[in-house]
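Have a look at the structure below before the remarks.
Readers should treat all values here as calculations from the given coordinates under stated rules, not as data from a laboratory. Keep in mind the model is a prediction, meaning the values are calculated, not measured. Positions of Cβ are backbone-derived with ideal geometry, glycine not excepted, and every protein chain shown enters the neighbour counts.
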Amino acid sequence: MDSMKIERGEIFSRAMTGRCPNCGHFGMFKNWFRLNKRCPSCDMELEKEESGFYFGTTSIGYVLAIVIVIIPVCILVVLNMLNMWLGVAIAIVGSILLCTLLYPIMLCWVIMLYYIVQTEELPKNQKENAPSVTDS
Ligand SMILES: [Zn+2]
């Protein structure tokens, strides 16, 4: 079985459900905000050393989340449908809440995008280059 390549669709569905893109093991997350350093099942590196990559991508997520909350609130305030100070409070609380709730989803997206672009980075997709050890 040396041609057990993992398809992009499989990476997508695994990563979006919080499972390891390499082996499908459920346990990508250490907690709500952190990924495990390595997959507990297949030992694939999940948290890259160059954490700037993840930080950069989740920052974009933050900005998006904040914009999604703040723009509708601004519109409601401008239309006099919402008291300004209530609007400010909703914008602040809403942004924090949204970022917190979306954080694991953003991490999933980062992992998903990363491995969909670079499918050969997955240990299971590297087998053909490595000498086979499991021959018996
Ligand atoms: Zn794994």
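At 222 nm, what helix-only mean residue ellipticity would the chain give, in deg cm²/dmol to the nearest 500, using -39500 (n - 2.57) for each DSSP H run of four or more?
-18000 deg cm²/dmol
For labels at L101 and E45 in the simple 7 Å Cα→Cβ model, what's the distance in nm?
Placing both labels 7 Å beyond Cα along the Cβ direction yields 3.5 nm.
Compute the distance from the alpha-carbon center of the stretch 55-131 to that of the stretch 5-36, in whole Å.
The two parts, judged by their Cα centres, are 18 Å apart.
Counting alpha carbon pairs within less than 8 Å and at least 6 residues apart, what relative contact order, in whole percent, applies to the chain?
For the chain, the relative contact order is 32 percent.
Taking the Cα centre of the chain as the origin, how large is its charge dipole in debye, to the nearest 20, when only Lys and Arg (+1) and Asp and Glu (-1) carry charge on their Cβ atoms?
440 debye
How many times 2.2 N^0.38 Å is the alpha carbon radius of gyration of the stretch 8-125?
Relative to the rule-of-thumb radius for its length, the stretch 8-125 sits at 1.31.
DSSP H helices in the chain with Cα extent of 24 Å or more along the helix axis and mean Kyte-Doolittle hydropathy at least 0.0?
Counting only whole DSSP H runs, the qualifying helices are 52-78, 84-117.
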